[in-house]
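J.: Have a look at this one.
Here, each number is a calculation from the coordinates, and none is a lab measurement. Since we're looking at a predicted model, the values are computed, not measured. Neighbour counts run over all protein chains shown; Cβ positions are idealised from the backbone, glycine included.
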Amino acid sequence: MQVNGKLWAMMLIGLFLLAVLVSPAFAESSAEGAASGHTWWFWPLVLFFVTFIMGILAVLGGVGGGVLFVPIISGFFPFHLDFVRGTGLLVALCGALAAGPGLLKMNLASLRLAIPVALIASTCAIIGAMIGLALPTNIVQIALGATIIGICVLMLTAKKSTVPDVPQADRLSSALRICGVYQEASTGEIIDWKVHRTPLGLALFVLIGIMAGMFGLGAGWANVPVLNLLMGAPLKISVATSKFLLSITDTSAAWIYLNKGCVIPMMVVPSLVGIMLGSFVGVRLLKIAKPTFIRWMVISILAFAGIKALSKGLGF
Amino acid sequence: MEEKTQDLLKATPEQLLYAKILEWGMYSGLLILLITFGLYTLGILDPYIPLDKISRYWSYNVHEYLEHAGIKNGWAWLGMLKYGDFINFIGIAILAGVTMLCYAAIVPTLLRSKDTVYAIMAVLEVIILGAAASGLLAVGGH
């Protein structure tokens, strides 16, 4: 039933795009625009196809759409970084909004774990967005490039622990009652989880929030290692809570970009539709894809985009 | 014991309420965004920036873009909803605003279950997101 729903949604969006492409307004403006190089719809259409591929790769590579979007689009498209970051945040936000309700209902995303973390991360994302918008573009571009290369290193080196050993919950997490129970679907095992090192974990979310807001990246790449490896939440709870967390962190930063004027609908809608359709296809391809190969491919693309961002920032 | 475990496996009432509002907001925001984008690109509503001129603006930084296009930042888009491009901001604002609604909605549930600390954190989150959305947090240009 759910699969049929998604297929219908894809068909409707496909028909919608077809209607746009054959509309008289589209043809008229295209003819006018053709005189000055590319027609107006050229870059939005390329953006749609690229984000569609990105959506597939993001699912198969186990990364968020936002982290691929900002370095690739800012590196290879004619859009200014201000608009790319604004759009990137909305892309990451929509991915989180789409996944959030299901994860919360299944009790995989923990609201109890997310609320204190989100309070810190969203406040710092606002600060990050304000810093990012106040700094010169080349400085942000250099910092973005360095961050993306850092993310590649993190993806290559970070281990994951399905159910980390947490001998004892710390005092803060005990006071906040950050704990839960979930059933591992593959084995049927009931897992009782709690977290430790909460103060340090919360402190790291200051940094994560700032980076998310500053670069317009979703921060799943940083959320999951902190929740899983440092605080000791089970991997599934960490991944689900991280995804849900983005809906809060990115909301605060998105408003800053939105109010500043960094949102152009002609960039936002093709990107959102592209990423979402790509994600639907990606989920289907998961069964047959080779995850190791895809992961290496994603890391390589990210590294290339990171170097490109660095060189653009340095003026090479 | 078995019954207690089953209860623990279920999401809490505030979590379910949050999920329900989030789902509603996400679907309505996306639907409105797709409809308004259709009105924009199909030429049903005239845009403020003509479609064939849009590519001139997206390579500027935001400061130059606002200046060249004669657009005010903040909530000024509310006064420009008659234009095909600006009407898209309704859906975007719903998507960016639904989280605030979710937080505000769970406060009474948290207070009923005497979870005062979490209720305070939820209220603080609404204030923070509200401050970000208000446009009062001004930022400098490039």
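J.: With the calculation restricted to Cα positions, what are the radius of gyration and Dmax of the stretch A:40-80 in angstrom?
T.: Cα only, the stretch A:40-80: 10.5, 33 Å (Rg, Dmax).
J.: When ranked by the protection proxy of mean other Cβ atoms within 10 Å per residue, highest first, what sequence do the peptides A:93-106, B:69-82, A:64-77, A:156-169 form? Please list the in-between numbers first.
T.: On the way: A:93-106: 23.8, B:69-82: 13.9, A:64-77: 25.9, A:156-169: 12.3.
Output ranking for A:93-106, B:69-82, A:64-77, A:156-169: A:64-77, A:93-106, B:69-82, A:156-169.
J.: What list of ³J(HN,Hα) values in whole Hz, one per residue of the stretch A:298-310 in order, does the Karplus curve 6.51 cos²θ - 1.76 cosθ + 1.60 (θ = phi - 60°) give from phi, with Gly and Pro shown as x?
T.: Along the stretch A:298-310, the couplings run 4, 4, 5, 4, 4, 4, 4, 5, x, 5, 4, 4, 4 Hz.
J.: With r defined as the distance between the Cβ atoms of B:Glu67 and B:Ile127 and R0 fixed at 35 Å, what FRET efficiency is calculated, to the nearest 0.05? Intermediate results must be reported in sequence, preceding the final value.
T.: Working: r = 32 Å, r/R0 = 0.92.
About 0.60, to the nearest 0.05.
J.: Measure off 7 Å from each Cα along the Cα-to-Cβ vector at A:Leu286 and A:Phe42, then give the distance between these two points in nanometres to one decimal.
T.: Rounded to a tenth, the inter-label distance reads 3.8 nm.
J.: Could you put A:Trp43, A:Trp296 in order, starting from the residue whose Cβ has the fewest other Cβ atoms within 10 Å? Walk me through the numbers before you get to the answer.
T.: Working: A:Trp43 19, A:Trp296 14.
Ordered from fewest to most neighbouring Cβ atoms within 10 Å, A:Trp43, A:Trp296 come out as A:Trp296, A:Trp43.
J.: Taking amide H positions as placed 1.01 Å from N in the peptide plane, with prolines and chain starts having none, which residues 5 or more places from A:Val181, or on another chain, fall under 5 Å of its amide H?
T.: Long-range HN contacts for A:Val181: A:Trp193.
J.: Still on this model: Would you mind listing how long the stretch B:2-98 runs along its three principal axes, going by Cα atoms, in whole Å with the largest first?
T.: Dimensions of the stretch B:2-98 along the principal axes of its Cα atoms: 66, 29, 23 Å.
J.: Next question, about the same structure. Rounded to the nearest 0.05, what FRET efficiency is calculated for A:Ile131 and B:Gln6 with R0 set to 41 Å and r the Cβ-Cβ distance?
T.: On the way: r = 47 Å, r/R0 = 1.15.
The pair A:Ile131/B:Gln6 has a calculated efficiency of 0.30.
J.: May I ask which of A:Lys105/A:Lys287; A:Lys243/A:Lys287; A:Lys236/B:Lys4; B:Lys10/B:Lys114; A:Lys159/A:Lys290 have a Cα-Cα span longer than 28 Å here? Could you put the intermediate results ahead of the total?
T.: Working: A:Lys105/A:Lys287 24 Å; A:Lys243/A:Lys287 21 Å; A:Lys236/B:Lys4 22 Å; B:Lys10/B:Lys114 19 Å; A:Lys159/A:Lys290 19 Å.
Pairs exceeding 28 Å: none.
J.: Now for a different question. Relative to the longest principal axis of chain B, what angle (0 to 90°, nearest 10) does the C-alpha long axis of helix B:116-134 take?
T.: 0 degrees
J.: Counting only other chains, and only Cβ atoms inside 10 Å, what mean value do you get across the residues of B:23-31?
T.: Numbers: counts 7, 1, 4, 9, 3, 0, 2, 9, 0.
Taking the mean over all residues of the peptide, I get 4.
J.: Using square roots of five times the C-alpha gyration tensor eigenvalues, list the equivalent-ellipsoid semi-axes of the stretch A:221-289 in whole Å, biggest first.
T.: On the way: eigenvalues 143, 93, 10 Å².
Each semi-axis is √(5λ); the values are 27, 22, 7 Å.
J.: Specify the angular offset, from 0 to 90 degrees and rounded to the nearest 10, of the alpha carbon long axis of helix A:198-215 from the longest principal axis of the alpha carbons in chain A.
T.: Approximately 0 degrees, to the nearest 10.
J.: Quick one: what are the phi-derived ³J(HN,Hα) couplings along the stretch B:99-110, Karplus 6.51/-1.76/1.60 with θ = phi - 60°, whole Hz, x for glycine and proline?
T.: 4, 4, 5, 4, 4, 4, 5, 7, 4, x, 4, 5
J.: By how many degrees, between 0 and 90 and to the nearest 10, does the Cα long axis of helix B:13-41 differ from the longest principal axis of chain B?
T.: So the helix axis and the longest Cα principal axis differ by about 20 degrees.
J.: From other protein chains only, count the Cβ atoms within 10 Å of every residue's Cβ in B:4-12, then give the mean. Kindly include the intermediate steps, with their values, before the conclusion.
T.: On the way: counts 1, 4, 3, 1, 7, 7, 4, 10, 6.
If you average over the peptide's residues, the count of other-chain Cβ atoms is 5.
J.: Among B:Glu23, B:Glu3, B:Glu67, B:Glu14, rank each residue by its count of other Cβ atoms within 10 Å, from fewest to most, as a rough exposure measure.
T.: If I rank by nearby Cβ atoms, fewest first, I get B:Glu3, B:Glu67, B:Glu23, B:Glu14.
J.: Something else about it: How big is the dipole moment of chain B about its Cα centre under a simple scheme where the beta carbon of each Lys and Arg is +1, that of each Asp and Glu is -1, and everything else is neutral? Debye, nearest 20, please.
T.: Numbers: 9 positive and 12 negative charges, 44 e Å.
The calculated dipole for chain B is roughly 220 debye.
J.: Across peptide B:97-106, what mean number of C-beta atoms from other chains lies inside 10 Å of a residue's C-beta? Kindly include the intermediate steps, with their values, before the conclusion.
T.: Values: counts 3, 5, 13, 4, 0, 7, 4, 0, 0, 2.
Per-residue shielding by partner chains comes out at 4.
J.: How much net charge surrounds A:Leu235 when only the other residues with a Cβ under 14 Å from the Cβ of A:Leu235 are counted, with Lys and Arg +1 and Asp and Glu -1? Please list the in-between numbers first.
T.: Details: positive: A:Lys159, A:Lys160, A:Lys236, A:Lys243; negative: A:Asp165, A:Glu184, A:Glu189.
Local net charge: +1.
J.: How about the stretch A:210-316: which trypsin sites (Lys or Arg not before Pro) there lie in a loop by DSSP and see at most 13 other Cβ atoms within 10 Å? Before the final figure, lay out each step's value.
T.: Working: sites: A:Lys236, A:Lys243, A:Lys260, A:Arg284, A:Lys287, A:Arg295, A:Lys308, A:Lys312; in loops: A:Lys287.
Those that pass, being in a loop and sparsely packed, are A:Lys287.
J.: For chain A, what value does the Rg/Rh ratio take when both radii are computed over Cα atoms and Rh is the Kirkwood radius, given to two decimals? Can you show the working numbers first?
T.: Details: Rg = 20.1 Å, Rh = 20.3 Å.
My calculation of the ratio gives 0.99.
J.: Moving to a separate point now. Taking θ = phi - 60°, what integer Hz values does the Karplus form 6.51 cos²θ - 1.76 cosθ + 1.60 yield along the stretch A:103-109, in sequence order, with x for Gly and Pro?
T.: Residue by residue, the stretch A:103-109 yields 5, 5, 5, 6, 6, 8, 7 Hz.
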